[in-house]
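Take a look at the structure below.
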């Protein structure tokens with residue numbers, strides 16, 4: 001009888017001991033990275049992965065000096081697939097920090113599981129208006145930008161230029177609606193048409209025929225990744241560029257798009273909180289390291305992804321590796337005690353940045369390279385339009 | 001709506017119709033004559049697009065890319081025909097659907113292994129990057145005109161081949177009554193192989209031409225396979241003429257749905273609602289058309305089997 005009882009109790013004791021020792025031996029801090037390696041947002045996903053891997057390498061696989069493990073998964077740009085991957089990261093891998101998705105619909109799909117499990121989500125790109133306003137959450141950090149703000153920058157520029165009419169187009173998903181709302185907020189001319197195309201649509205013949213019929217002064221488009229690459233090519237191939245000025249966001253004007261489109265992009269304006277030519281030291285180091293590692297210039301996706309890892313690194317250092325202390329971890333993340341590649345910023349009440357936004361234009365450098373140049377700062381210490389709808393203080 | 005807008009949208013519809021025709025012509029021949037349901041036809045289309053984009057970037061010549069795509073896909077089709085289809089001819093449609101669906105899965109993964117999951121950005125040849133002025137005020141992308149021309153050329157070529165050559169006669173005989181043709185001494189096996197390779201070549205051509213308009217990516221074959229099957233059903237199985245007419249009609253209906261339905265709805269609905277509704281209506285229109293045709297002509301518009 002005694003023997004029968006002792007076996008399970010021994011096992012329990014052994015388990016308890018092993019659990020205690022593994023906690024003492026400092027398990028690596030686990031970080032979930034859900035990336036869009038394939039699908040309609042693959043160009044952004046690839047840049048995000050490369051920049052995160054660079055930051056991880058520079059930090060020697062550590063966060064704040066403590067060993068870390070980075071669990072990567074492909075979301076294929078699909079909210080369903082991303083949610084499954086993130087649920088697995090939460091339940092099986094027991095992640096303590098999260099980042100990675102490129103599109104807003106994926107960010108909105110994975111948020112609830114992460115917030116329920118008290119895993120801070122430091123965004124490397126999307127800043128959906130939902131998370132900036134009524135659905136703001138202490139576990140979401142809009143480290144990059146709020147979706148509308150890029151477009152408020154360009155809308156301001158279009159107003160300053162005195163463009164009378166604008167045709168505006170975006171994919172029909174949460175970020176698309178945010179971006180066009182942002183443009184309309186600061187553009188004082190007439191919006192001749194507001195078109196929402198299908199996510200992943202690559203043939204814009206039908207939409208460009210409408211542009212030709214309306215002859216707007218400006219054509220504003222938010223079409224990330226391959227969508228924008230095709231759109232610009234088809235816009236130029238349709239011979240519309242002589243009557244209509246093309247305005248956009250970094251999602252269709254950065255190095256990835258330039259590599260695919262080239263010359264036709266000269267003169268393309270966009271608004272962003274970052275550009276590779278910003279003179280601050282952190283940015284110069286990042287651009288140099290990225291070029292050394294990948295032999296190309298980084299995009300804003302890369303800059304933001306690099307920042308996301310640095311933000312985690314700083315927070316883990318501030319809490320001395322004790323990521324289980326959630327209030328302390330949130331406080332450390334919000335303090336953002338690191339040198340961002342965009343320069344100085346601080347978090348607003350809704351965990352979205354208060355920062356400057358620059359106007360950039362695609363031009364040629366002295367040595368003939370096509371790239372972006374920062375030309376103005378239309379919005380200074382800008383707060384997003386949703387911060388007062390957020391109940392966080 | 002201005003006349004130029006209308007003409008431009010109609011040209012877009014024709015362009016899409018010709019692409020569907022290139023695929024559906026191959027499908028209808030294979031299904032009509034060989035009685036084989038080939039779902040892998042979309043994979044041949046995808047392979048054509050990838051090979052063309054790859055060779056175009058390597059050599060800098062678009063034409064070499066297209067020729068290479070057709071050549072490589074013909075070889076692939078030959079391998080498929082010898083290794084798999086010859087064993088499938090005698091089996092029922094379910095076995096054929098399962099086997100060719102398997103080919104889709106394998107093809108998608110092989111393409112991912114070679115080129116990665118991210119889409120390739122194929123470009124049109126530099127000489128065709130600009131527009132051409134068709135009418136005063138109507139500039140049209142020259143590359144799309146080339147696609148239209150290629151579509152017309154293939155349609156005429158197929159018409160001559162099928163209706164005015166001996167091979168074409170054998171093909172038609174096989175399509176309308178395979179057993180009778182066999183009794184009359186036609187070597188149906190050889191006609192089968194020829195038709196299969198011809199269909200593959202057309203799919204490769206369509207893929208190579210479509211690449212620069214969209215993006216070359218995994219799954220592009222399945223995306224276009226479904227409307228091609230609709231064309232096949234509307235046109236009547238085994239009929240090139242049916243495939244042509246149906247492809248044009250489906251191309252037009254799709255464009256009208258995509259271009260004019262949103263404009264009509266915009267008058268009284270919000271832009272986000274329009275973009276949710278319009279594609280659904282455009283998508284439905286094609287299937288409604290199919291249902292209508294099937295209700296009155298169950299064998300399609302121009303059935304090959306009388």
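The values are calculated or read from the model by the stated rules, or taken from the named source; none is laboratory data. Quantities reported herein were computed from a predicted structural model and do not represent experimental measurements. No Cβ is skipped: glycine too gets one built from the backbone with ideal geometry, and neighbour counts run over all protein chains shown.
Odds and ends about this structure:
- For residue B:213, the conditions (1) over 30 Å from residue B:126 (Cα atoms); (2) more than 12 Å from the chain's Cα centre (by Cα) are fulfilled apart from (1).
- Qualifying residue in the stretch B:203-225 (condition: in contact with a strand residue (DSSP E or B) (Cβ under 9 Å, 6 or more places away or on another chain), more than 12 Å from chain A (Cβ to nearest Cβ) and within 24 Å of residue B:37 (Cα to Cα)): yes
- The residues on offer are B:282, B:267, B:288, B:247, and the sole one that is surrounded by fewer than 21 Cβ atoms within 10 Å (Cβ to Cβ) and either more than 23 Å from residue B:10 (Cβ to Cβ) or away from chain A (no Cβ under 14 Å) (or both) is B:288.
- Only residues that are under 26 Å from residue B:211 (Cβ atoms) and either out of contact with any helix residue (DSSP H, G or I) (no Cβ under 7 Å at 6 or more places or on another chain) or in contact (Cβ under 8 Å) with a residue 60 or more places away in the chain (or both) were counted across the stretch A:183-202, and they come to 2.
Table: residues versus (1) in a helix (DSSP H, G or I); (2) within 14 Å of chain B (Cβ to nearest Cβ); (3) surrounded by 24 or more Cβ atoms within 10 Å (Cβ to Cβ).
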| site | (1), (2), (3) |
| --- | --- |
| A:127 | no, no, yes |
| A:151 | yes, no, yes |
| A:177 | yes, yes, no |
| A:192 | no, yes, no |
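Here is a yes/no grid of residues against (1) modelled with pLDDT under 50; (2) within 23 Å of the chain's Cα centre (by Cα); (3) outside the structural domain of residue A:323 (by TED's automatic domain parsing):
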residue	(1), (2), (3)
A:12	no, no, yes
A:21	yes, no, yes
A:39	no, yes, no
A:51	no, yes, no
A:54	no, yes, no
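- Test result for residue A:240, assigned to a loop (DSSP other than H, G, I, E, B), farther than 26 Å from residue A:50 by Cα, in contact with a helix residue (DSSP H, G or I) (Cβ under 7 Å, 6 or more places away or on another chain) and within 13 Å of chain B (Cβ to nearest Cβ): yes
- Residue check for residue B:69: touching a strand residue (DSSP E or B) at 6+ places or on another chain (Cβ under 8 Å) and either under 13 Å from residue B:123 (Cα atoms) or touching a residue at least 40 places away in the same chain (Cβ under 8 Å) (or both): no
Yes/no matrix, rows are residues, columns are (1) farther than 21 Å from residue B:16 by Cβ; (2) without any contact (Cβ under 8 Å) to a residue 40 or more places away in the chain; (3) within 8 Å of chain A (Cβ to nearest Cβ); (4) not in a strand (DSSP E or B):
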residue	(1), (2), (3), (4)
B:105	yes, yes, no, yes
B:111	yes, no, no, yes
B:124	no, no, yes, yes
B:132	no, yes, no, no
B:140	no, no, yes, no
B:144	no, no, yes, yes
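- Number of positions in the stretch A:153-175 that are in a helix (DSSP H, G or I) and under 25 Å from the mean Cα position of the chain (by Cα): 8
- Per the listing B:213, B:198, B:209, B:225, the residue uniquely in contact (Cβ under 8 Å) with a residue 40 or more places away in the chain and not in a helix (DSSP H, G or I) is B:213.
- Pairs with Cβ under 8 Å, 6+ apart, first in the stretch A:281-293 and outside the structural domain of residue A:47 (by TED's automatic domain parsing) and loosely packed, with under 13 Cβ neighbours inside 10 Å, second in a helix (DSSP H, G or I) and at pLDDT 95 or above: none
- Evaluation of residue A:296 against (1) in contact (Cβ under 8 Å) with a residue 40 or more places away in the chain; (2) more than 24 Å from residue A:44 (Cβ to Cβ); (3) surrounded by fewer than 22 Cβ atoms within 10 Å (Cβ to Cβ) (one fails), failing number: (2)
- Residue that is nearest to the other protein chains (Cβ to nearest Cβ), among those in the stretch A:26-42 that are touching a helix residue (DSSP H, G or I) at 6+ places or on another chain (Cβ under 7 Å) and closer than 14 Å to residue A:124 by Cα: A:36
- Positions within the stretch A:213-228 being part of a helix (DSSP H, G or I) and either surrounded by fewer than 23 Cβ atoms within 10 Å (Cβ to Cβ) or touching a residue at least 40 places away in the same chain (Cβ under 8 Å) (or both), in sequence order: A:213, A:214, A:226, A:227
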